[in-house]
Amino acid sequence: MAFAPAGPEASFFDALERHRAALLAAEKRGAGESPAGAARARPASSSEVLTSIENIIQDIIKSLARNEVPAFTIDNRSRWENITFEDSVGLQLIPQCTTRKIKSDSPKSVKKFALILKILSMIYKLVQSNTYATKRDIFYTNSQLFGNQASVDNIIDDISCMLKVPRRSLHVLSTSKGLIAGNLRYVEEDGTRVQCTCSATATAVPSNIQGIRNLITDAKFLLIVEKDATFQRLLDDNFCSRMSPCIMVTGKGIPDLNTRLLVKKLWDTFHIPVFTLVDADPHGIEILCVYKYGSMSMSFEAHSLTVPTIRWLGLLPSDIQRLNIPKDSLIPLTKHDQRKLDSILKRPYITYQPLWRKELEMMADSKMKAEIQALTFLSADYLSRVYLPNKLRFGGWI
């Protein structure tokens, strides 16, 4: 059993246990069902990845032999008409979606064509030698050529989509920025034993989630915290110990791939309730949506990244009214916020979330947003001492 500090009495977790039982029943009902029409990036062996890259290079050579312009064809993941939604999986790329061409003779795309070739050659060597590199490593092999890290990141995602394999099959790792704390221990790929704790010093999310094994926990729930500052404050307030056994994770804003993979692995392994604590603003809600339903850019890999069972614990716009948070603790929505909010309201999954729609419309009507820190108006430790314990005890999630 995983070591756990003394937490609340057993009856505290009754609502959580009922929620977990409902999730397990739903999981059992859906077992064996495969959403129709979903494109899925499957794990690929090294030989399959090498063969796929060789085929792409052969196509380029054949184009040149026929005096044709070589081009890469990549699924267009920036248009909603190419995305389908399944409540049990999230946002997925449709099988026969429209594509875009990266041509070698176009002034607009010739550099990107060259960079894709360059990174393909690097991936080929990594897979062939069974070694790994981070996206940062790739960027620094020729920072002047690549220009910026975002360019490398986007190309690696495009290559993953083009080859129809998960990014980790390319032997390219992300540098993790996320943190984890609480009742969890596991063994990393190299044999290192990791025991997370409830102390103020959190554990960095591993860079190779696929390689971790022997995960053990007694946790009753997993809490995803949007911001690092809130995560650290909860640790400082001993929230993790007082609510033990539990697990807390933060992606420090928009989550990196490893943090999303970790949350997915914890759900798949333990099937414990997963909740999010985000600001009551369009940006925080976007982050919630990424964890729960995924993003357009990674829609080709939805099955390995999304956790549709996630629930929105707080901060809800209705909580702001219910707790009488004063207006001078709130922030007016900017034009960018309003555009983001309008965009979220039009997304396909909002149809399945009427309670979310009600909260979003409440925010739109008030034209105000709130950070989690607004709760300090009630007391310095209101979040950890009152707000979250009551939410968890009485089922205050949607």
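What residue, among those in the range 295-332 that are of a type in the set (Gly, Ala, Ser) and modelled with pLDDT under 90, is farthest from Asn154 (Cα to Cα)? Only one residue tops the list, namely Ser304. Scanning the range 351-384 for residues that are without any contact (Cβ under 8 Å) to a residue 40 or more places away in the chain, among the aliphatic types (A, V, I, L, M) and within 30 Å of Pro8 (Cβ to Cβ) yields one hit, Ala380.
Scanning the range 143-150 turns up no residue that is crowded, with 16+ Cβ neighbours inside 10 Å and not aromatic (Phe, Trp, Tyr). Would you check if there is a residue in the range 291-298 being in a helix (DSSP H, G or I) and surrounded by fewer than 19 Cβ atoms within 10 Å (Cβ to Cβ)? Within the range 291-298, not a single residue is in a helix (DSSP H, G or I) and surrounded by fewer than 19 Cβ atoms within 10 Å (Cβ to Cβ). In the range 222-240 there is no residue matching the filter, namely being among the hydrophobic types (A, V, I, L, M, F, W, C), open to solvent by 30 Å² or more (accessible area, probe 1.4 Å) and within 22 Å of Pro8 (Cα to Cα). Taking the criterion of being of a type in the set (A, V, I, L, M), surrounded by fewer than 24 Cβ atoms within 10 Å (Cβ to Cβ) and in contact (Cβ under 8 Å) with a residue 24 or more places away in the chain, would at least one residue in the range 270-277 satisfy it? Yes, because at least one residue in the range 270-277 is of a type in the set (A, V, I, L, M), surrounded by fewer than 24 Cβ atoms within 10 Å (Cβ to Cβ) and in contact (Cβ under 8 Å) with a residue 24 or more places away in the chain. Residue pairs whose Cβ atoms lie under 7 Å apart, sitting 6 or more positions apart in sequence or on different chains, and linking a residue in the range 170-195 that is over 16 Å from Thr131 (Cβ atoms) to a partner that is part of a strand (DSSP E or B) and among the small types (Gly, Ala, Ser), are Ser176/Ala204; Leu179/Ala204.
Conditions tested, residue by residue: (1) surrounded by 15 or more Cβ atoms within 10 Å (Cβ to Cβ); (2) in a loop (DSSP other than H, G, I, E, B).
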| site | (1), (2) |
| --- | --- |
| Leu64 | no, no |
| Thr73 | no, no |
| Lys101 | no, no |
| Ser106 | no, yes |
| Lys112 | yes, no |
| Leu115 | yes, no |
| Ser121 | no, no |
| Gln128 | no, no |
| Tyr140 | no, no |
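Selection of the range 357-398 for residues being acidic (Asp, Glu) and in contact with a Gly (Cβ under 8 Å, 6 or more places away or on another chain) yields an empty set.
To keep it simple, each residue is scored yes or no on (1) open to solvent by less than 30 Å² (accessible area, probe 1.4 Å); (2) of a type in the set (A, V, I, L, M, F, W, C); (3) not in a helix (DSSP H, G or I).
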position: His283; (1), (2), (3): no, no, no
position: Glu301; (1), (2), (3): yes, no, no
position: Ile325; (1), (2), (3): yes, yes, yes
position: Asp328; (1), (2), (3): no, no, no
position: Thr351; (1), (2), (3): no, no, no
position: Leu355; (1), (2), (3): no, yes, no
position: Met363; (1), (2), (3): yes, yes, no
position: Ser384; (1), (2), (3): yes, no, no
position: Ile398; (1), (2), (3): no, yes, yes
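Among the criteria (1) touching a residue at least 12 places away in the same chain (Cβ under 8 Å); (2) outside any helix (DSSP H, G or I), the one Leu262 does not fulfil is (2). For the range 244-256, a residue qualifies if it is open to solvent by less than 10 Å² (accessible area, probe 1.4 Å) and of a type in the set (A, V, I, L, M), and the qualifying residues are Ile247, Met248, Val249. Looking at Leu266, Leu315, just one residue is out of contact with any Gly (no Cβ under 9 Å at 6 or more places or on another chain), open to solvent by less than 10 Å² (accessible area, probe 1.4 Å) and not small (Gly, Ala, Ser), and that residue is Leu266.
Please determine whether any residue of the range 303-312 is in contact with a Pro (Cβ under 7 Å, 6 or more places away or on another chain) and either more than 22 Å from Thr230 (Cβ to Cβ) or hydrophobic (A, V, I, L, M, F, W, C) (or both). Yes, the range 303-312 contains at least one residue that is in contact with a Pro (Cβ under 7 Å, 6 or more places away or on another chain) and either more than 22 Å from Thr230 (Cβ to Cβ) or hydrophobic (A, V, I, L, M, F, W, C) (or both). With respect to the conditions (1) out of contact with any Cys (no Cβ under 6 Å at 6 or more places or on another chain); (2) under 29 Å from Ser176 (Cβ atoms); (3) open to solvent by less than 60 Å² (accessible area, probe 1.4 Å), Ser88 lacks only one, and its number is (3). Of all the numbered requirements in (1) within 21 Å of Glu301 (Cβ to Cβ); (2) in a helix (DSSP H, G or I); (3) touching a residue at least 24 places away in the same chain (Cβ under 8 Å); (4) of a type outside the set (Gly, Ala, Ser), Cys240 misses one, and that requirement is (1).
The values are calculated or read from the model by the stated rules, or taken from the named source; none is laboratory data. Predicted, not measured: the structure shown is a model, and the values here were computed from it. In this analysis, Cβ positions are derived from the backbone assuming ideal geometry, glycine residues included, and neighbour counts consider all displayed protein chains. Just the protein is used for accessible areas: all its heavy atoms, side chains included, with ligands, DNA and RNA removed. Shrake-Rupley method; radii C 1.70, N 1.55, O 1.52, S 1.80 Å.
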